[in-house]
Amino acid sequence: MTHARRPAVLALEDGIVFVGNSFGRIGETSGEVVFNTALCGYQEVLTDPSYRGQIVTMTYPHIGNYGINHEDVESARPQVAGFVVREISTAASSWRASGELHAYLDEAGIVGIAEIDTRKLTRHIRSRGACRGVISALDLDPVSLVKKAQSAAAMIGADLAREVTCAEPYRYEPARDAGAAKAGVERPFHVVAYDLGMKRNILRLLTDAGCTVTVVPATTPAAEALALEPEGIFLSNGPGDPEACDYAVEASRGLIASGRPVFGICLGHQILGLACGGKTFKLKYGHRGGNHPVKNVATGQVEITAQNHGFAVDMSLFEDRAYVLTHVNLNDGTVEGFRHRDLPVFSVQYHPEASPGPHDSHYLFRDFTAAMAERRAVGAAGPLLQAGA
Amino acid sequence: MPRDPSIQSVLVIGSGPIVIGQACEFDYSGTQAVKALRAEGIRVSLVNSNPATIMTDPEYADRTYVEPLTPEVLEAILERERPDAVLPTVGGQTALNLAVTLSERGVFERLGIRLIGASRRAVEVGEDRRLFKEAMARIGLDVPQSRFARTLDEAREALLVTGLPAVIRPSFTLGGTGGGIAYNEEEFEETATRGLDLSPVHEVLIEESVIGWKEYELEVMRDRADNFVVVCSIENFDPMGIHTGDSVTVAPAQTLTDREYQVMRDAARAIIREVGVETGGSNIQFAVDPATGRLVVIEMNPRVSRSSALASKATGFPIAKIAALLAIGYRLDEIRNDITRVTPASFEPVLDYVVVKIPRWAFEKFRDASPRLGTQMKSVGEVMAIGRTFKEALQKGLRGLETGSGGFGGRELDDARIREKLLTPDPDRILYVKRALELGWTHEEIHRMTGIDTWFLDQIQQIADLKEHLTGPLDAGTLREAKRMGFSDGRLAALSGSTEAEVRAIRKKLGVEPVYKRVDTCAAEFESHTPYLYSTYEEECEAAPTDRRKVMILGSGPNRIGQGIEFDYCCCHGSFAFREEGFETIMVNCNPETVSTDYDTSDRLYFEPLTFEDVMNVIEREKPEGVVIQFGGQTPLRLALPLHRAGVPILGTSPDAIDLAEDRRRFSTLLDELGIPQPESGTATSLEEAKEVAARVGYPVLVRPSYVLGGRAMAIVYAEAHLEQYVREAVRTSPEHPILIDRFLEHAQELDVDAVADGERVVIGGILQHIEEAGIHSGDSCAVLPTFDVPERHLETIRDATRRLGLRLGVRGLMNVQFAIQRDRVYVLEVNPRASRTVPFISKATGVPLAKVAARVMAGRSLAEQGITEDLTVDRFFIKAPVFPFLKFPGADILLGPEMKSTGEVMGISENFGIAFAKAMSAAGSEIPTSGTAFVSVNDHDKEAVLPIAAALHEMGFALIATRGTAAFFEGRGLPCEMIYKVNEGRPHVVDRIKSRAIDLIVNTPLGEASFYDDGAIRKNAILYGVLCLTTITAAAATVEAIRALRERGASEVVSLQEIHAPAVERSREDASPVVVSQR
């Protein structure tokens, strides 16, 4: 109750301070403060490596209601730099729950703050833009904390993909039945996936679409990836500034040139944009949530999408006629997807793998396998890697 | 895909009178749809029998028909209007059913009219459980096991599949009427039999019980390009087994992971596609097994609904408006979000607050009815509350109910009954849940007994726990924590042993004050341009009050019997008029069903409980020039004096004048002073006093507690023994206020006068003559405007008394006076210096919006300046008929009395009295038969009076049957009549006859104590079997006139309000002659 609570402070670099209660690990953390408007799916958010370096504020006030479970994770551990909620649940109600959020975060060493005016914080970020901040349950002095916030690492120029990527290449072995049979594919497509901070659901969906996946580190050069003889290449989501990932941009050029289908999501999309000669820029406060309308330019259809990005590809990419805008954000008109006019290269800024979020855009995984099937049909593929080889 | 250019004119079908399960949410949705279509330049015609709606205000549509919602009438309107399309999806199940009937009859095809919003097939699949089940099977979705049955034997067979408990759902009934849950075979037989009887197609669904499962609803929309969005998810606090209309519900869903939620969303998308709702909104209900997560689809409504109104208010996403635009061809991404102005409607709203809806019941009105909640909806209204947490919203909602609890508490709970109350849900269950938590019952135990999710129990536990810390003096920290949890000042005062005023003072001293946050559809991701606000205890306030001239209008809170849509209508009109006068208007209300809580109605909307604390907080923030309390019924009126004492300027009639009219002693003195007769009366605070007063004024007496609404706890008492019983109950009902005792004027004629005054002048809007005699609550009486057989000298007396009262009370705004004429003498029964239930009715009839006129008076514009100087007149008959919820309350007697029981009303219009009455009755669902068998049974007193009625029926070809006494009397007067047994005399008796559908009309005036059971059985069965049952001689006489008129000229003439009120010029230009179509 009241008396057992321990205070915590959230301070922003511009001097704004919020006083609330500590939850999760009693400690101190810093990062870029952002907000996510999803109503549920907090466990997926926490474990999404794209949130590396960020203190995530959930705008929905009740968080933790259904506890945590072993299934709804997007990586091995919570990734956020810190967590801000209005109210952390004291009960975990779900037949799948294996524990409470509070304890889960404590174990993972994630520092959180609750009982603050999260709407005020969100409005502040909206008008000022995403900014650096510090949460502390150890140091409650606003002046000192604001100073710490000002010296926290900036997001612009941050190469965080390198931090979250896998150390070594590995084959993704799904626990359940491989997806090839499910997808009605005779022979699975071999995909090399660049792990820039990849969410697990991407691997699940690639498998469900009939792929076998070899995951490689973000820094893998194109030649090494191509040596694995993939039928398609996937560039994953991930944290940080795309411009800092020059190694991946460089690799992408080689991958595109290989003529193999290339599919990118989020950071992968931004890196492809850069590789294609485009520019990226930092959005004022980003898109994070599960309700953003994106129009598929070709069909006119609107998809409700899951989003999590702070940077975006600039429209100037399309000054080069080789590239076609395929998806556009209906809220602010920013680029949500593009493809190469002739090559089987396409990418989206949003998260078709959802998790959390709507499933409206799962078709993109089928588009990817369709491109690989087409290439296979015309016999352009080199010697194929057999499943399990 | 922009607007479909082939649609240039649309007919919108309304939902008719307010009934349980179909209330003013359909005025909200209909009004939105009509406004949206009009704004697109579409010619809109509209039909709705309910005159108390905003949508039937003549300025909203090009042609407004206040006519019965029957296929014949609709066909006549379609013949006249020849619209390109009909939109049936904003008028509830009533409108959908009508559309299906018209479609079956080939009317649309014949006239070349399209049905938009929902196809006939979609309506059928949505409504017909068999088709729905098949559709779900096709898309691989799970539904509860079930079998249809058309006979009791088939039902018994079905039970072998489903097992007990089993749910029985009759096909095609409104709001689940006649359904139920059977826990044993006896209950099963009873419920199945009733369900088979009530279903228009004599079919019931026997279903596997999913009682206790988690219950969810998704409000979804789809456009013709197959774009799909979920507007809102709703989780029911009360799990499966309690109708969602009777459940506490919460938005958004609280206890679903994203994985489960997305499965539900995918299912909803598949369902709306499969059912074939091409454009518009649907409500889809799901159940989830809390132990395994098994998801089953319960039902879908291919239209806007009560839940969609709630979802619109909960999110700021106007479903009905957007549904109307989608129906004429727009796509979601072509429609702008009004609140952000920069983003499209093709998105899914997100909330950064919690919305709680709590139903309000009226069981106190139906004492014999069981308050047990089940699959049949019984609540008459609801309150919605917004808070940053569930706890805050729940406690705000509870105090918004105005049931005297100020949140949790304020009620005596019997700890010995906790188990029973948890197991058998009734309106008090939530209070007992909290009590059990206080006493340390485990969450698992309570969950097992109630099915309520443990997350909700944990939330209430926190409220219960904090309560323990609130008993002493409050420090700033604890006070703030309590306020953040939603504790009201009143509750804190009760817990800490101080007064509400003291708590308020301490709170302000310690700086614990609310802030206001905006409902913006997007959790602050984008800027909001709409001041739609709720209070909470946080840091930042977004109210941003302007420095414009502004007024605040207090709404009427949750609908209840006696205070419903009519008052919301007046509040809206008040807001419109003040806005037209250049004021900024601020609405405060907590009823999600209403037009007043549309963010579009006033400049600013505060979605707050109507308690002193909450209202005063808004006033302190906004500092309006004045507060309008006379439009919202008793709810704001009760706040008049407290607000006045707090220094708040009350606009219009002064609080003192209100008190003068409400305080019987003061009022009585005033009438004496003015020389206006009133029934002998007195007040009493004890039984002894009551006996003395009753003896003095003479029996029968009318008794009631002071400050009543809708005749609550009002009774006519004929003898001292009854008085004793009444006083014991009434005093408990209202401890602070005395009992009022009036001599009851037997066999008097009652009249209702609505007037508007500006301090200088009183203009009478209309004098309504009740068709029933005095003694029946004015809200339950049929009434006619103008009066039809009141001598002019009495009318003059009435006008004179009204004027003098209005001037003497200094009324500025609306007033309502009730008169009775007995033995050639005019008495004043009561004066209400506020809007009355009949204001919208009279406004529709006269074409003069009285509430607006009143608001302008309050804004400083005299009646003379407004050009309103003469009493208003009408050129034809406008008859008001009430609609009753008896079918929902098996066991309750339908006998009318001084306690109001009706939920809604309709209007019948004609130049002929009989036709107007027939139309009113038809619109109220009581079709007047023009031939057949009439059963007559009246008390001795009424025998002479009923003779001409019976003779007229006989003359028009009705066969007469009567019970022994009445039959003998008729025979003696030479009227052929068949004698039939009373229920206790032998068989077949009259009820058998009703059940075999061999009676078409019943005239049954109360026979008194002795045959109470008999009368009750007759009336109950009349309701169940849909036989018109008249319980007063005057209503019977009016019916005879109606039958005569129907036989002579039929009832399908239709005329729009615009034609009725058109100036003479326009009348000559347009063809305004009513079309007469022969009755089918």
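Here, each number is a calculation from the coordinates, and none is a lab measurement. Predicted model, so just to flag it, every value in this text is computed and none were measured. Reconstructed Cβ throughout: ideal geometry from the backbone, glycine too, with neighbour counts over all protein chains shown.
The set of residues in the range B:738-796 that are within 27 Å of residue B:864 (Cα to Cα), of a type in the set (Asp, Glu) and under 28 Å from the mean Cα position of the chain (by Cα) comprises B:752, B:754. Of the strands (runs of 3 or more DSSP E) lying entirely inside the range B:179-273, those containing at least 1 residues that are over 29 Å from the mean Cα position of the chain (by Cα) and at the interface with chain A (Cβ under 10 Å from one of its Cβ atoms) span B:228-236. Restricting attention to the range B:430-484, the residues that are among the hydroxyl-bearing types (Ser, Thr, Tyr), within 19 Å of residue B:356 (Cβ to Cβ) and either in contact (Cβ under 8 Å) with a residue 40 or more places away in the chain or surrounded by fewer than 17 Cβ atoms within 10 Å (Cβ to Cβ) (or both) add up to 1.
Does the range A:372-387 contain any residue that is surrounded by 15 or more Cβ atoms within 10 Å (Cβ to Cβ) and within 14 Å of another protein chain (Cβ to nearest Cβ)? Taking every residue of the range A:372-387 in turn, none turns out to be surrounded by 15 or more Cβ atoms within 10 Å (Cβ to Cβ) and within 14 Å of another protein chain (Cβ to nearest Cβ). The set of residues in the range B:810-834 being touching a helix residue (DSSP H, G or I) at 6+ places or on another chain (Cβ under 7 Å) and within 14 Å of residue B:799 (Cα to Cα) consists of B:815, B:817, B:818, B:819, B:821, B:826, B:828, B:831. In the set (1) of a type in the set (Val, Ile, Thr); (2) farther than 30 Å from residue A:71 by Cβ; (3) away from every other protein chain (no Cβ under 14 Å), the condition left unmet by residue A:334 is number (3). Scan the range B:147-168 for residues that are small (Gly, Ala, Ser) and farther than 18 Å from residue B:194 by Cβ and the total you get is 1. Residues in the range A:109-120 that are small (Gly, Ala, Ser) and more than 14 Å from chain B (Cβ to nearest Cβ): A:109, A:112. Filtering the range B:441-487 to residues that are more than 8 Å from every other protein chain (Cβ to nearest Cβ), small (Gly, Ala, Ser) and assigned to a helix (DSSP H, G or I) leaves B:464, B:476, B:482. Can you find, within the range A:279-315, the residue that is farthest from the chain's Cα centre (by Cα) among those that are buried (at least 24 other Cβ atoms within 10 Å of the Cβ) and among the charged types (D, E, K, R)? It comes out as A:303.
Please indicate, with yes or no, whether at least one residue in the range B:903-917 is surrounded by 23 or more Cβ atoms within 10 Å (Cβ to Cβ), among the polar types (S, T, N, Q), touching a residue at least 12 places away in the same chain (Cβ under 8 Å) and touching a Ser or Thr at 6+ places or on another chain (Cβ under 9 Å). Within the range B:903-917, none of the residues are surrounded by 23 or more Cβ atoms within 10 Å (Cβ to Cβ), among the polar types (S, T, N, Q), touching a residue at least 12 places away in the same chain (Cβ under 8 Å) and touching a Ser or Thr at 6+ places or on another chain (Cβ under 9 Å). Against the condition touching a residue at least 12 places away in the same chain (Cβ under 8 Å), in contact with a helix residue (DSSP H, G or I) (Cβ under 9 Å, 6 or more places away or on another chain) and more than 14 Å from every other protein chain (Cβ to nearest Cβ), how does residue A:22 come out, does it pass? When the stated conditions are applied, residue A:22 does not pass them. Looking only at the range B:859-888, residues that are crowded, with 23+ Cβ neighbours inside 10 Å and in a helix (DSSP H, G or I) come to 1 in all. For the range A:58-108, taking the residues that are part of a strand (DSSP E or B) and at the interface with chain B (Cβ under 10 Å from one of its Cβ atoms), the one that is surrounded by the most Cβ atoms within 10 Å (Cβ to Cβ) is identified as A:58. Tell me, yes or no, whether the range B:590-612 has at least one residue that is in a helix (DSSP H, G or I), in contact with a helix residue (DSSP H, G or I) (Cβ under 7 Å, 6 or more places away or on another chain) and either crowded, with 24+ Cβ neighbours inside 10 Å or in contact (Cβ under 8 Å) with a residue 24 or more places away in the chain (or both). Yes, because at least one residue in the range B:590-612 is in a helix (DSSP H, G or I), in contact with a helix residue (DSSP H, G or I) (Cβ under 7 Å, 6 or more places away or on another chain) and either crowded, with 24+ Cβ neighbours inside 10 Å or in contact (Cβ under 8 Å) with a residue 24 or more places away in the chain (or both). Taking the range B:635-671 as the range and being of a type in the set (Gly, Ala, Ser) and more than 22 Å from residue B:568 (Cα to Cα) as the test, the residues that pass are B:646, B:647, B:657, B:661, B:668.
Number of residues in the range A:335-363 that are within 25 Å of residue A:41 (Cβ to Cβ) and surrounded by fewer than 20 Cβ atoms within 10 Å (Cβ to Cβ) equals 3.
Table: residues versus (1) closer than 24 Å to residue B:25 by Cα; (2) assigned to a loop (DSSP other than H, G, I, E, B); (3) not small (Gly, Ala, Ser).
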residue	(1), (2), (3)
B:892	no, yes, no
B:895	no, yes, yes
B:899	no, yes, yes
B:909	no, no, yes
B:915	no, no, yes
B:920	yes, no, no
B:929	no, yes, yes
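A single member of B:355, B:383 is out of contact with any Phe, Trp or Tyr (no Cβ under 8 Å at 6 or more places or on another chain) and more than 14 Å from chain A (Cβ to nearest Cβ), and it is B:383. Whether any residue in the range A:32-47 is buried (at least 24 other Cβ atoms within 10 Å of the Cβ), away from every other protein chain (no Cβ under 11 Å), of a type outside the set (Gly, Ala, Ser) and part of a loop (DSSP other than H, G, I, E, B) is what I want to check. No, the range A:32-47 contains no residue that is buried (at least 24 other Cβ atoms within 10 Å of the Cβ), away from every other protein chain (no Cβ under 11 Å), of a type outside the set (Gly, Ala, Ser) and part of a loop (DSSP other than H, G, I, E, B).
Any idea which residue in the range B:329-352 is farthest from the other protein chains (Cβ to nearest Cβ), counting only those that are in a loop (DSSP other than H, G, I, E, B) and hydrophobic (A, V, I, L, M, F, W, C)? Here the residue is B:339. Please verify whether residue A:123 is within 11 Å of chain B (Cβ to nearest Cβ) and without any contact (Cβ under 8 Å) to a residue 12 or more places away in the chain, treating the condition exactly as stated. Taking the combined requirement at face value, the residue satisfies it. Pairing each residue of the range B:622-642 that is closer than 21 Å to residue B:569 by Cβ with any residue that is of a type in the set (D, E, K, R), provided the two are 6+ apart or on different chains, yields C-beta distances under 6 Å for B:630/B:834; B:637/B:834. For the range A:242-263, what are the residues that are in a helix (DSSP H, G or I), in contact (Cβ under 8 Å) with a residue 60 or more places away in the chain and either touching a helix residue (DSSP H, G or I) at 6+ places or on another chain (Cβ under 6 Å) or β-branched (Val, Ile, Thr) (or both)? The answer is A:242, A:248, A:256. Considering the range B:654-699, and only residues there that are charged (D, E, K, R) and within 19 Å of residue B:816 (Cβ to Cβ), the residue that is surrounded by the fewest Cβ atoms within 10 Å (Cβ to Cβ) turns out to be B:666. Of the residues B:893, B:940, the single one that is surrounded by fewer than 24 Cβ atoms within 10 Å (Cβ to Cβ), within 32 Å of the chain's Cα centre (by Cα) and not hydrophobic (A, V, I, L, M, F, W, C) is B:893. For residue B:541, state whether it is within 14 Å of another protein chain (Cβ to nearest Cβ) and under 21 Å from residue B:488 (Cα atoms). For residue B:541, the condition - within 14 Å of another protein chain (Cβ to nearest Cβ) and under 21 Å from residue B:488 (Cα atoms) - is met.
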